[in-house]
1. Can you tell me which residue within the stretch 35-82, out of those that are within 26 Å of Arg157 (Cβ to Cβ) and without any contact (Cβ under 8 Å) to a residue 24 or more places away in the chain, is surrounded by the fewest Cβ atoms within 10 Å (Cβ to Cβ)?
2. All but one of (1) at pLDDT below 95; (2) of a type outside the set (A, V, I, L, M); (3) out of contact with any Lys or Arg (no Cβ under 9 Å at 6 or more places or on another chain) hold for Asp212; state the number of the condition that does not hold.
3. When only residues in the stretch 137-174 that are over 17 Å from Leu115 (Cβ atoms) and of a type in the set (Gly, Ala, Ser) count, which is surrounded by the fewest Cβ atoms within 10 Å (Cβ to Cβ)?
4. Could you please find all residues in the stretch 175-185 being in contact (Cβ under 8 Å) with a residue 12 or more places away in the chain and surrounded by fewer than 20 Cβ atoms within 10 Å (Cβ to Cβ)?
5. Would you check which residues across the stretch 84-106 are under 14 Å from Gln175 (Cβ atoms) and either at pLDDT 80 or above or in contact with a strand residue (DSSP E or B) (Cβ under 9 Å, 6 or more places away or on another chain) (or both) and list them?
6. Does the stretch 203-226 contain any residue that is assigned to a helix (DSSP H, G or I), in contact with a Phe, Trp or Tyr (Cβ under 8 Å, 6 or more places away or on another chain) and crowded, with 17+ Cβ neighbours inside 10 Å?
7. Out of all the residues in the stretch 192-199, is one or more crowded, with 18+ Cβ neighbours inside 10 Å and part of a loop (DSSP other than H, G, I, E, B)?
8. Condition check: over 23 Å from the mean Cα position of the chain (by Cα), over 19 Å from Arg156 (Cβ atoms) and assigned by TED's automatic domain parsing to the domain that holds Asp126. Does Ala228 satisfy that?
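The values are calculated or read from the model by the stated rules, or taken from the named source; none is laboratory data. Quantities reported herein were computed from a predicted structural model and do not represent experimental measurements. Please note: Cβ atoms are built from the backbone with ideal geometry, for glycine as well, and neighbour counts cover all protein chains shown.
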Amino acid sequence: MVPPEGARHLQPERATLNSSIALENLRQLVREHRDDAEWRLPPERELAISMGLGRRAVRRAMEVLEAEGAVWRQQGKGTFIGRRPALQPLLAGNLAERTNPLEVMEARLQIEPALARMAALRCSSDDIDALRRLSQKTSTALDNDGWELWDSAFHRRIAECAGNGLLLSLFDVVQTIRQEPGWRSLRARARSDASRDDSFREHEAIVEAIADRDAPGAERAMRRHLNAINANLQSAIMGGDEYPDESAMGHDDMRTTA
């Protein structure tokens, strides 16, 4: 008997193609090993056999977990639990000795507007809600340490939303360099109540552009924000009476770099 037209679309999927079952099984596996950051998931072939599912279903489920940040994959080594780690800290340490805050701002101006553009195309509604919360946290920070904490978290969430592991690692290297004590002191001098208010409004503009899926607008908003930070930083460098320890900052001639 020939099935009615369209009936084949109503037939249930074969069990071997059930990605939802694979996802639930993988979530349980991740929960069981969540405290062991170095534990590797078995290869897709082994997972598929143990679940009685097809490799395609397992692969699709793994992509969901990776997008959620529950696992990360390294070519040739396997799949690990948690978010992809930053590049090796020693690399950032070596770079910190050979650069200065203005070079770091130049790098941020190249990297972060592009990340904001990509985030506008790839972020989820949960990401947008998180960005709004983080932006609000910066506005209510009571001291420079709190501001640094929440501002850094805001910018990193955008980098995560961009969905590019290599760019995220480069972002993390820049952030690690920025945590040098002398550099934090310089940024604190460059920060005022007025500039904090401006930064909060700039954060809001970035979030709204991302929420509107306005990729060019998000890129422009991030560039305006970073240009404003750069201007305040240069003003602090050229006009400050005190200066961070140059041995911790890099270039000896940075006082004249503008």
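1. The qualifying residue surrounded by the fewest Cβ atoms within 10 Å (Cβ to Cβ) is Gln75.
2. Every condition holds for Asp212 apart from (1).
3. Checked the stretch 137-174; the qualifying residue surrounded by the fewest Cβ atoms within 10 Å (Cβ to Cβ) is Gly146.
4. Across the stretch 175-185, the qualifying residues are Gln175, Thr176, Arg178, Pro181, Gly182, Arg184, Ser185.
5. Hits for the stretch 84-106 are Pro85, Thr99, Pro101, Val104, Met105.
6. Yes: one or more hits.
7. The answer is no; no qualifying residue exists.
8. The answer is no for Ala228.
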